[in-house]
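Presented below is the structure to which this report refers.
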Amino acid sequence: MAIINKGKSFANGEQLTADKLNQVIDNATFTTSAVDNVSTQLSGGSIVVKDGGVTTAKLNDGAVTTAKIADSNVTTVKIANANVTFAKLTDVIDDDTMSTATDTTLATSESIKAYVDATVGGFTPSTYAGEESVTLPNGLIMKFGTVTAGIAGTPVSFATAFPTAAIWASACPNSSEDLTQGTGYSGKASVDSLSTSGVNVSCNGSAYWQAIGY
């Protein structure tokens, strides 16, 4: 079946001229047999490629460049999740220490969690095992314990000193019996001094103490 409609038909015995030959070429059009209407179609007498004619197999990797793709055409909907891999996203790092992070790179959620867990530290009540010190999420360190102290004061040495500074401490009796008045005793527990390595607690018996530093 013909795929081109000739631009002029000749009758038997008709004289051939240059003008008539030009009409054959200039007025020729494609027939419907020239397209499959799946990958190609006729449009205004021309053959154009339909969406079905553009396949991955027919696109050379080197022919698809950033300059040929408008930014507005790159949307989440047009990027299948299965086609997004770390190998294809060079600006996404998977670094638990964040040592390779920059102001223009993204990071995996696994790396962010690992970095925060390792850097912030802290504890959860379900795993607390009675240690003297716990590190709070904001970096402060809280120490606490009990001591049997005298009215004149009893020193308490921390199991581990504050790395930088001690900023606050307090004490209180741990039972009503410890509130019994004694000579020179004011009826309370108190902290007489505080350093990075310990506190001095005054009490007429057993007392709770607490210190905060960093």
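Identify, please: which residue in segment 51-63 is surrounded by 10 or more Cβ atoms within 10 Å (Cβ to Cβ) and either hydrophobic (A, V, I, L, M, F, W, C) or within 20 Å of Phe30 (Cβ to Cβ) (or both) and is, among those, nearest to the chain's Cα centre (by Cα)?
Leu59
Exactly one of these conditions fails for Gly122: (1) in contact with a Pro (Cβ under 9 Å, 6 or more places away or on another chain); (2) at pLDDT below 70; (3) within 16 Å of Ser206 (Cβ to Cβ); (4) small (Gly, Ala, Ser). Give me its number.
(3)
May I ask you to verify whether Val48 is modelled with pLDDT of 85 or more and surrounded by 11 or more Cβ atoms within 10 Å (Cβ to Cβ)?
Yes.
Checking the conditions here, which among Ala34, Ala28, Ala118 is surrounded by 10 or more Cβ atoms within 10 Å (Cβ to Cβ), under 30 Å from Asn138 (Cα atoms), of a type in the set (A, V, I, L, M, F, W, C) and outside the structural domain of Pro137 (by TED's automatic domain parsing)?
Ala118
Determine if segment 182-205 includes at least one residue that is at pLDDT below 90, out of contact with any Ser or Thr (no Cβ under 7 Å at 6 or more places or on another chain), small (Gly, Ala, Ser) and closer than 30 Å to Ser99 by Cβ.
Looking through segment 182-205, none of the residues is at pLDDT below 90, out of contact with any Ser or Thr (no Cβ under 7 Å at 6 or more places or on another chain), small (Gly, Ala, Ser) and closer than 30 Å to Ser99 by Cβ.
If Pro163 meets every condition in (1) in contact with a Phe, Trp or Tyr (Cβ under 8 Å, 6 or more places away or on another chain); (2) surrounded by 10 or more Cβ atoms within 10 Å (Cβ to Cβ); (3) outside any strand (DSSP E or B); (4) not small (Gly, Ala, Ser) apart from one, which number is that one?
Only one criterion in (1) in contact with a Phe, Trp or Tyr (Cβ under 8 Å, 6 or more places away or on another chain); (2) surrounded by 10 or more Cβ atoms within 10 Å (Cβ to Cβ); (3) outside any strand (DSSP E or B); (4) not small (Gly, Ala, Ser) is unmet by Pro163, namely (2).
Quick one: what pairs do we get from segment 39-58, first residue at positive phi, second assigned to a strand (DSSP E or B), C-beta under 7 Å, 6+ apart or different chains?
What qualifies is Gly45/Thr29; Gly45/Phe30.
Are there any pairs, at least 6 apart or on different chains, whose C-beta atoms fall under 7 Å, with the first in segment 141-155 and farther than 16 Å from Pro173 by Cβ and the second surrounded by fewer than 15 Cβ atoms within 10 Å (Cβ to Cβ), and if so, which?
Short answer, once both residue conditions are applied: Ile141/Thr135; Met142/Val134; Met142/Leu136; Lys143/Glu132.
Return the residue satisfying two criteria in turn: it lies in segment 130-150 and is in a loop (DSSP other than H, G, I, E, B) and either among the charged types (D, E, K, R) or surrounded by 15 or more Cβ atoms within 10 Å (Cβ to Cβ) (or both), and of such residues it is modelled with the highest pLDDT.
Out of the qualifying residues, it is Glu132.
The values are calculated or read from the model by the stated rules, or taken from the named source; none is laboratory data. Bear in mind that the values here come from a model prediction, so they are computed numbers and not experimental data. Cβ: placed from backbone, ideal geometry, glycine included. Neighbour counts: every protein chain shown.
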